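**Q** Right, I'll just put the structure down here and ask away after.
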Amino acid sequence: MIEDLAPFYSKNARNIRSSVIRELLKLTRKPEVISFAGGLPAPETFPVEAIEEISCRILREKGRFALQYGPTEGEMPLREELASWMAASKPGIVPGNILITSGSQQGLDIVAKVFIDPGDIVVMELPSYIGGIQAFSAYRAKMIGVPQDNRGMRMDLLEKTLTRLAKRNKKPKFIYVVPDFQNPSGVTLTEERRRRLLELAYAHEVPILEDSPYRDLRFKGQAHPPIYRLDTQNQVIVLGTFSKIFCPGLRLAWLMAPVSWTDKMVVAKQSMDLASPTFNQLIAAEYMRQGLLLPQIEVIRKLYGRKRAIMLKALKEFMPKGVRWTKPEGGLFLWVKLPGGMNATTLFKSAIEENVAYVIGEAFHCNGKGQNTMRLNFSFPSEEQIIEGIRRLASVVRKNM
Ligand SMILES: Cc1ncc(COP(=O)(O)O)c(C=O)c1O
């Protein structure tokens, strides 16, 4: 047997970074640990009975079809439902714009596979979604981070970055943004900045990748239009997913792009899984057809809105002076900044000893910075766990200040 496979690895495989998060998450599995580290939806929201009823009917009425391979683009009833779901924001979207994927994570992989050669530039927020960083680094992208503030990616700095690159005759392959209640920071890109982002993307002829799993989970405040709605030049690729508004276990999501752009993406997906599961797609399509998705989103919004309020109250009550955090108006996460000089990575060990866990902010920075930051999840822990967990975390921070 070949003991060491490493010499056989491709250059791309060698570049796949094992996620720091996954390593740290192993430590959080002890039952006594209160974990703010995962990004899991609350399982009590999963509509188990409705899925059971729909699944049985599909198996009874068209079981042999449901258990067969399907087209790579996805099942037409689901593409139709999603086209009208997305058309609520921008009329004119047709099933041809929609490619069903096995999770948005696959959408990221498809885009990376289609666009990125080794050394190609991808511009993204600082911090940004770790799964995006992982997908792009597997294709050996050179990632350039643009800092964000509490209104999202800073457009003055994006402009500087794009201008600097243009002077060197370099053009990014795309600009990756998570504009709504961003994972990890919970920050939302303002409408003014969305418009500016499009202007810059048009001026520099760079596509935008709008990854928005949390958009529908707004608890308060006014929604900003999705970037694709403001786009007049067909320059935006959108990733949407059922994971946070329905359930992640079906592994269903969608990629929306101009019709002429989707051909290559379909071929890219073909070699990944041929097609996403037919059965799951029929379940999701029927769930949407029955009008169950909106009420389901309402249930999730209420629960997460309450949990977010409890976490914010606990942070205010327990955290020592000098610690700051975002106050997201939706989504699953908030972002904590420790006073300069403190290091969330070294603090992690003490936190685990006190049976509380978070994700170190550094993991979300494509430039390796952000040592004094952490991401906290409020969707998964119970309300009691949130209060007790923040109390423990605050005590760890205070002791290490
Ligand atoms: C910004 C972002 N994109 C993509 C994903 C992947 O989602 P999916 O479960 O659809 O693969 C996540 C999951 O947390 C996410 O936060």
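Read-outs: derived from the displayed coordinates by stated rules, not from any lab. Remember, predicted model here, so these are calculated numbers, not experimental data. Cβ sites come from the backbone with ideal geometry, for glycine too, and all protein chains shown count toward neighbours.
**Q** Student exercise: in the stretch 49-292, how many lysine pairs 8 or more apart or on different chains have Cα atoms under 21 Å apart?
**A** Lysine pairs, 8 or more places apart or on different chains, close enough: 18.
**Q** Which stretch or stretches of the stretch 188-216 have amide N atoms under 20 Å from the point lying 7 Å from Ala166's Cα along the Cα→Cβ direction?
**A** Answer for this model: 193-209.
**Q** I need to check one value: relative contact order of the stretch 1-157, counting alpha carbon pairs closer than 8 Å and at least 6 residues apart, in percent.
**A** Value for the stretch 1-157: 20 percent.
**Q** Mind giving me the nanometre distance, one decimal, between the label points for Asp273 and Leu40, set 7 Å out from Cα along Cα→Cβ?
**A** Result: 2.0 nm between the two label points.
**Q** Order of 194-201, 66-73 by packing, highest average Cβ count within 10 Å first?
**A** 194-201, 66-73
**Q** Looking at the chain only, what percent of DSSP beta bridges run antiparallel? Nearest 5 please.
**A** Around 55 percent of the beta bridges assigned by DSSP in the chain are antiparallel ones.
**Q** May I ask which residue of Asn234, Phe181, Val111 lies farthest towards the positive end of the charge dipole of the chain, with charges of +1 (Lys, Arg) and -1 (Asp, Glu) on Cβ and the Cα centre as origin?
**A** Projecting each Cα onto the dipole axis, the largest value belongs to Phe181.
**Q** Label point 7 Å out from Met401 along Cα-to-Cβ: which residues of the stretch 307-322 have amide N under 13 Å?
**A** Answer for the stretch 307-322: 316-322.
**Q** For the stretch 155-313, just say rounded, prolate or oblate: build the C-alpha gyration tensor, square-root its eigenvalues into a ≥ b ≥ c, call rounded for a/c under 1.5, and beyond that prolate if a/b exceeds b/c, oblate if not.
**A** Oblate is the answer for the stretch 155-313, as a/c is 1.5 or above yet b/c matches or exceeds a/b.
**Q** In whole percent, what relative contact order does the chain give with Cα contacts below 8 Å and a gap of six or more residues?
**A** 24
**Q** Would you order Asp273, Asp231 from fewest to most other beta-carbon atoms within 10 Å of each residue's own beta-carbon?
**A** The order, fewest Cβ neighbours first, is Asp273, Asp231.
**Q** Does the stretch 20-153 classify as rounded, prolate or oblate by the C-alpha gyration tensor (a ≥ b ≥ c root eigenvalues; a/c under 1.5 gives rounded; else a/b over b/c gives prolate, otherwise oblate)?
**A** Taking the square roots of the gyration eigenvalues as a ≥ b ≥ c, the stretch 20-153 is oblate.
**Q** When the helices in the chain are scored as -39500 (n - 2.57) per DSSP H run of 4 or longer and the sum is shared across all residues, what 222 nm value do you end up with, to the nearest 500 deg cm²/dmol?
**A** Dividing the helical sum by the residues of the chain leaves -14000 deg cm²/dmol.
**Q** Under the rule a/c < 1.5 gives rounded, and otherwise a/b versus b/c splits prolate from oblate, where does the chain land using the Cα gyration tensor?
**A** Note, shape of the chain comes out rounded.
**Q** Just add up the charged neighbours of Ala284: K/R +1, D/E -1, any other residue whose Cβ is under 10 Å from the Cβ of Ala284.
**A** Residues close to Ala284 contribute a combined charge of -2.
**Q** May I ask you to sort Ser382, Ser395 by Cβ crowding, counting other Cβ atoms within 10 Å and putting the fewest first?
**A** Ordered by Cβ neighbours within 10 Å, fewest first: Ser382, Ser395.
**Q** Let me ask you something else. With a 10 Å radius around each residue's Cβ, average the other Cβ atoms per peptide and rank 219-228, 289-298, 372-381, highest first.
**A** My ranking of the peptides, most packed first, is 372-381, 219-228, 289-298.
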